[in-house]
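Remarks on the structure that follows.
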Amino acid sequence: MLRYNFKYEWLLLIRNRWIQLLSILLFLLFGFAVYNGNQKVEARQANIETAVNELKTQEAETLSVLDSLEKGHKVSVSRWRLPSRPVVIGNSLSRVVNMPAKSTAFIATGQSDLFSHYVEPTVTGDDLSLSYTEMTSPVQLLFGSFDLAFVIIYLLPLLIIAFSFNVLASERESGTLKLLASQPIRIRTWVLQKLGLRFFWLVLCICITLIIVFAIFSFHFAANWTSLLVLLAYIIVYALFWFVLAFATNIWIHSSAKNAIALIGFWVLFVLLSPSILNQLSNSLYPMPSRTLMLNQVRTLKAEATKKQDEILDSYLRDHPEYAINDSTQTRNFYHRYMATQNLIKEELRPVVEKFETQLESQHQWAHTFSWLSPALTVQNALNDLAGTSEKDYQEFRHQSLAFAQEWRNFFLPFMFNNQEFKKSDYKNLPAFEFTYKKDATHLRILGLLGMSLLIILFVFVLKPKNKQVNIVA
Amino acid sequence: MIRINNLTKTYGDFTALDALSLHVNEGEIYCLLGANGAGKTTTINLLLGFIKPTSGSAYINDINVVEQPKLTKQHLAYIPENLMLYPSLTAIENLDYFSGIANKKFKKGELESFLEEAGLQTSAFNKSVAKYSKGMRQKVGIAIALAKDAKVLLLDEPTSGLDPKASNEFGQLLQKLRGKGVATLMATHDLFRAKEVATTIGVMKDGQLKQQWSVDELSLKELEDSYLETMSYNTLQS
């Protein structure tokens, strides 16, 4: 039966113009989505590049001034802006701590429209002053981005529904079902084969159109073939899930209209409702402490610390005997007191910030644990991971950049507390930053989705037939 | 070939088929007459396994239709009142598909010979069936039965809506199949065609087989009178 179904399903799909329509539609959707995704990635890379170029220009100017100073030439820079002062270098030549886009970043916008991709930690700045939030149009956030993930998660199921909702009902409605059912075949197997073949042709259309679109947008296949395979695997598993739902609907519901309504209902449930319900529940179960209260606490602590700057500095120097100065001509200035205070504030703020982060982590953990309830959420997370735009990636960037900020401050502290001048030769020792993406284990969740699809097929075939017969005469 | 013993089908309080028993042997054409809702189509649906009986049993070639529906269908062919085919495919392709899924594989020449035997014009073989008349579609149905080498043919009002010429051609085809030893059970309203093609005629009413005659026992006039009498008598009784 499979051979004949294969041969004639192909003929029917071609003659009814389904394959042609699907291919054109997929090409247009994928094309527009990849174009949009690439535009965003290019803008992101351009922002980073601009910041890096600005830093390079500033570096060149600063090093030239430093060189002139070391050669004893007169420079037209105010005393407070002299680059021989470590605090000037630490604040003005701060590194562009950036999160470069993965080569697959165009696949999913993910959190990239919420967070910035570079920060510039300064020696006098604190962790809270590093802004990770991007200024974004609320209208765009409301409607989301038309990227590949959007096409796959939101639109592909609708295409699958249109392609599969009435495989059996149309046979009943057109009158061919009785002739079919009088053949020595099992209708469930026949429907499964028909949908299996449609799944096959759809996947083939997706693979071909996606590869063509990627080639048009100069995707580096050789360097990223594993990512491409993973992406195709995700799409195939997600499409399979929707075909399996269509299979169960075709078997259990007997009219095209009811099938369409049921499948659209599933789409609303799995794509729209369940992610939003999971999000609401995680917010209710793990409410975030007020950010305003936290900032107020920060301000109060800072104000108190400022009043006691001298005490704090004394205490700090007791803890850091390596910064003791025996030269009576040397004095402690504002920045010494400020840096010592910063450390204390950071220590005192740690419980407040940790409370905030623990709640956030709990929210994410909860949503992650139950994300299997929404196949759309599972695939969205998987695509975000693949694109390097997931919430985890931005958390990782935050952690790595905070660690670098500390390293940056630590580099300048001995200069500052020892009242040591910054030399041109010290420049090469400045800490450098390179972001590394963390590996993830999303593949297991995708396997879970595959398992769920197989379970539905098993349920339709093994458990249900004893109670319910496919209705031929309705 | 077809053996039905006390076959009953009820839907809640409604009895669609009431202890029906009949036999159709090799080379026989059994015509079931009766008004709408008499139980003719229910009988055919039960034999096809489309619905399950409440009680009783039915056999096709001595195979129980309830216990082994798939095996039963290897031996039977079915032509519904309005036989529908895939409109995007040609007659040859439809025949190839329906034979193929029944595990019967043929070359193009063989498929053409089945269609020819069923009386379809050669010029229509490779045309899309979308514009076929009902008579032409039924010829494709007969070709499917021929290709399947079915020993049992189940027909549900096959001549309704056919013009007299097409109806007559259909009758001739049935006689041809009868000559090949095919046992045919035909549900029909067409008394004249029944008298023409049948070997046995049964009259059903309210799910019961009320009368059964060998076609040689009665003339068309007598058949008509007996049929009407059976129908009206029972109506008066009820």
Using a Förster radius of 25 Å, what is the FRET efficiency between A:LYS7 and B:GLU116 based on their Cβ-Cβ separation? Nearest 0.05, please.
0.60
Tell me, which longest segment in chain B has none of the trypsin sites (Lys or Arg not before Pro) that fall in DSSP loops with at most 15 further Cβ atoms within 10 Å?
B:1-104
Subtracting the Cα-Cα distance from 0.36 nm times the residue separation, let me have the gained length for A:GLU347 to A:LEU458 in nm, one decimal.
34.3 nm
Dipole magnitude of chain B about its Cα centre, charges +1 at Lys/Arg Cβ and -1 at Asp/Glu Cβ only, in debye to the nearest 20?
820 debye
Simple spin-label model, 7 Å along Cα-to-Cβ: A:LYS258 to A:PHE32 in nm?
3.5 nm
Residues of segment B:84-150: accessible area per residue at 1.4 Å, in Å²?
39 Å²
Added length on full extension, which subtracts the Cα-Cα distance from 0.36 nm per residue, A:TYR427 to A:TYR154
93.2 nm
Leaving out ligands and nucleic acids, and using a 1.4 Å probe, what accessible area per residue does segment A:290-355 come to in Å²?
69 Å²
Taking R0 as 51 Å, what FRET efficiency do you get between A:ARG81 and A:VAL268 from their Cβ-Cβ distance, rounded to the nearest 0.05?
0.25
What do you reckon, how do B:ASP225, B:ASP216, A:ASP147, B:ASP190 stack up by accessible area (1.4 Å probe), largest on top?
B:ASP216, B:ASP225, B:ASP190, A:ASP147
Counting only residues 5 or more places away or on other chains, whose amide H sits under 5 Å from the amide H of B:GLN208 once H atoms are built in the peptide plane?
B:ASP18
Counting only protein heavy atoms, what percent of the accessible surface of segment B:84-150 is carbon or sulfur at a 1.4 Å probe?
51 percent
With each run of n ≥ 4 DSSP H residues scored as -39500 (n - 2.57), what mean residue ellipticity at 222 nm is computed for the protein assembly as shown after dividing by its residue count and rounding to the nearest 500 deg cm²/dmol?
-18500 deg cm²/dmol
On a C-alpha basis, how far is the centre of segment A:252-309 from the centre of segment A:402-429 in Å? Whole number, if you could?
41 Å
Rank A:THR109, A:THR50, A:HIS73 by how far each Cα sits towards the positive end of the charge dipole of segment A:11-115 (+1 on Lys, Arg Cβ; -1 on Asp, Glu Cβ) and give me just the farthest.
A:THR109
Taking the simple approach of a point 7 Å from Cα along Cα-to-Cβ for both A:ASN418 and A:ALA215, what is their distance in nm?
6.1 nm
Using a Förster distance of 41 Å, the FRET efficiency for B:ASN36-B:ASP149 (Cβ separation, nearest 0.05):
0.80
In degrees, nearest ten, helix A:2-15 long axis to first principal axis of chain A (Cα)
80 degrees
Along the dipole axis of the protein assembly as shown (charges at Cβ: +1 for Lys and Arg, -1 for Asp and Glu; origin at the Cα centre), the most positive-end residue among A:THR124, B:LEU47, A:ASN471 is B:LEU47
Report, in debye and to the nearest 20, how large the dipole of the protein assembly as shown comes out about its Cα centre when Lys and Arg carry +1 and Asp and Glu carry -1 on their Cβ.
740 debye
Express in Å², to the nearest 10, the accessible area of A:TRP201 obtained by rolling a 1.4 Å probe over the protein heavy atoms while all chains stay in place.
30 Å²
Taking Lys and Arg as +1 and Asp and Glu as -1, residues besides A:PHE163 with C-beta under 14 Å from its C-beta add up to +2
Long-range amide H contacts for B:TYR78: which residues qualify at under 5 Å (H placed 1.01 Å from N, peptide plane, sequence gap of 5 or more or a different chain)?
B:LEU154
Coil-residue trypsin sites (Lys or Arg not before Pro) of segment A:19-110, DSSP, other Cβ within 10 Å capped at 11
A:LYS71, A:LYS74
Checked against the positive end of the charge dipole of the protein assembly as shown (+1 on Cβ of Lys and Arg, -1 on Cβ of Asp and Glu, about the Cα centre), the farthest of A:MET288, A:ALA324, A:GLN363 is A:GLN363
For B:ASN5 paired with B:LEU191, estimate the spin-label separation in nm (one decimal), with each label point 7 Å from Cα along the Cα-to-Cβ line.
3.5 nm
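The values are calculated or read from the model by the stated rules, or taken from the named source; none is laboratory data. Keep in mind it's a predicted model, so treat the numbers as computed, not measured. Please note: Cβ atoms are built from the backbone with ideal geometry, for glycine as well, and neighbour counts cover all protein chains shown. Calculation scope for accessible area: heavy atoms of the full protein, side chains included, ligands and nucleic acids excluded. Shrake-Rupley method; radii C 1.70, N 1.55, O 1.52, S 1.80 Å.
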